[in-house]
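Shown next, in structure tokens, is the structure this report addresses.
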Amino acid sequence: MAKQYAVIGLGRFGSSVAARLYESGQEVLGVDVNMERVEDSNEFVTHAVIADSTDPESLKAIGIRNFDTVIVAIGNDIQASILSVLLLKELGVKKVIAKALNKLHGQVLEKVGADWVIFPERDMGIRVAHQLLSPNVLNFIEISKNYSVEEVRATEKMKDKTLRELDIRAKYNLSVIAIRKDHELTISPPPDKIIDEGDVLVVIGENRDLERFANLS
Ligand code: ATP
């Protein structure tokens, strides 16, 4: 069933979140104080309204409580961002996600009740560096500070070998949880599965082991 999302602040960040949710069939309400931003958003949101999220009456009028998740994508106006998160939590919104400009802003957002604080520039910077250090890593999810799941492109050295031969668990202390070939996914691949060049291995383990493995070329 489609979920209901509200995105407050339709700048680059808010618009990207809204558009992606909308594309995948979710209901998305776009909110901004700026009329032009609201008008421009009609291609990638279900509805859009002009409202100031620092005004409790406006938030009530748009029925913000009824949304499963509200994303506060206001950045530059730190005061407005903090006040909005505070009001949304006070009005009873279950999940409030907020974008922070810096560490202090993020700490305050957490204090006033944000359920998830995002630092887009910091996180993107980390991703870019990660990609530069390990070009074979296509994607990764941090599970905790030291552990991740990574999508690693099979290198020449892995080609035509079985998982048993590669002995990834013993040599690297990693588990291969899936292998993707084009659009076909093999979950929990058997030990005799042969790796082709270009296959993508989905691997879980400690970051330093993942780095060693991804650079096996
Ligand atoms: P981005 O970095 O995502 O491109 P931006 O540079 O346009 O954003 P921000 O200050 O982060 O600037 O604002 C994002 C959007 O939030 C703007 O379109 C702005 O009009 C909107 N906004 C700011 N304050 C409020 C508010 N109180 N209520 C609703 N929308 C607001």
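The values are calculated or read from the model by the stated rules, or taken from the named source; none is laboratory data. Computed from a predicted structure; not experimentally measured. In this analysis, Cβ positions are derived from the backbone assuming ideal geometry, glycine residues included, and neighbour counts consider all displayed protein chains. What goes into the accessible areas is simple: the full protein's heavy atoms, side chains included, and nothing from ligands, DNA or RNA. Shrake-Rupley method; radii C 1.70, N 1.55, O 1.52, S 1.80 Å.
Taking only the C-alpha atoms, wrap a convex hull around the range 68-217 and report its volume per residue in Å³ as a whole number. Don't skip to the end; give the middle numbers.
Details: hull volume 19.6 nm³, N = 150.
Per residue, the Cα convex hull of the range 68-217 comes to 131 Å³.
For K94, the lysines whose Cα falls under 25 Å of its own Cα, not counting residues fewer than eight places away in the same chain, are K3, K60, K103, K111.
So if each residue of separation counts as 0.36 nm, and I subtract the Cα-Cα distance between K157 and D40, what length gain in nm does that give? Numbers along the way, then the final one.
On the way: separation 117, 0.36 × 117 = 42.12 nm, distance 4.97 nm.
My answer for the length gained is 37.2 nm.
Would you mind getting me the FRET efficiency between N146 and E23? Use the beta-carbon distance for r and R0 = 30 Å, nearest 0.05. Step by step, r from the Cβ atoms, then E = 0.35. Stokes-Einstein, applied to the Kirkwood radius of the range 120-182 over Cα pairs at a viscosity of 0.890 mPa s and 25 °C, places its translational diffusion at 183 µm² s⁻¹.
Shape descriptor for the range 1-106: Rg over Rh equals 0.93 (Cα atoms; Rh from the Kirkwood inverse mean 1/r).
Grab the Cα-Cα distance for N66 and A170, subtract it from 0.36 nm times how many residues apart they are, and report the gain in nm with one decimal.
Details: separation 104, 0.36 × 104 = 37.44 nm, distance 5.02 nm.
The span from N66 to A170 would gain 32.4 nm if fully extended.
Whenever you get a sec, compute what percent of the accessible area on the chain sits on carbon and sulfur atoms (1.4 Å probe).
Percent of accessible area from carbon and sulfur atoms in the chain: 51.
Each peptide among 97-110, 169-182 gets the average number of other Cβ atoms lying within 10 Å of its residues, and from highest to lowest they stand as 97-110, 169-182. Looking at the chain, the accessible area is 59 square angstrom per residue; that uses a 1.4 Å probe and ignores ligands, DNA and RNA. Straight-line reach from K159: taking Cα to Cα under 12 Å and skipping same-chain neighbours fewer than 8 places apart, the aspartates and glutamates in range are D196, E197, D199. From helices alone, the chain scores -10000 deg cm²/dmol at 222 nm; the rule is -39500 (n - 2.57) for each run of n ≥ 4 DSSP H residues, then divide by the residue total.
The alpha-carbon of K99 sits under 20 angstrom from the alpha-carbons of these aspartates and glutamates, leaving out residues fewer than 8 places away in its chain: D32, D52, D55, D68, D77, E90, E110, D115, E121, D123, E142.
When the dipole is taken about the Cα centre of the chain, and only Lys, Arg (+1) and Asp, Glu (-1) are charged at their Cβ, what size is it in debye, to the nearest 20? Don't skip to the answer; put the middle values down first.
Working: 27 positive and 33 negative charges, 147 e Å.
Charge dipole of the chain: 700 debye, to the nearest 20.
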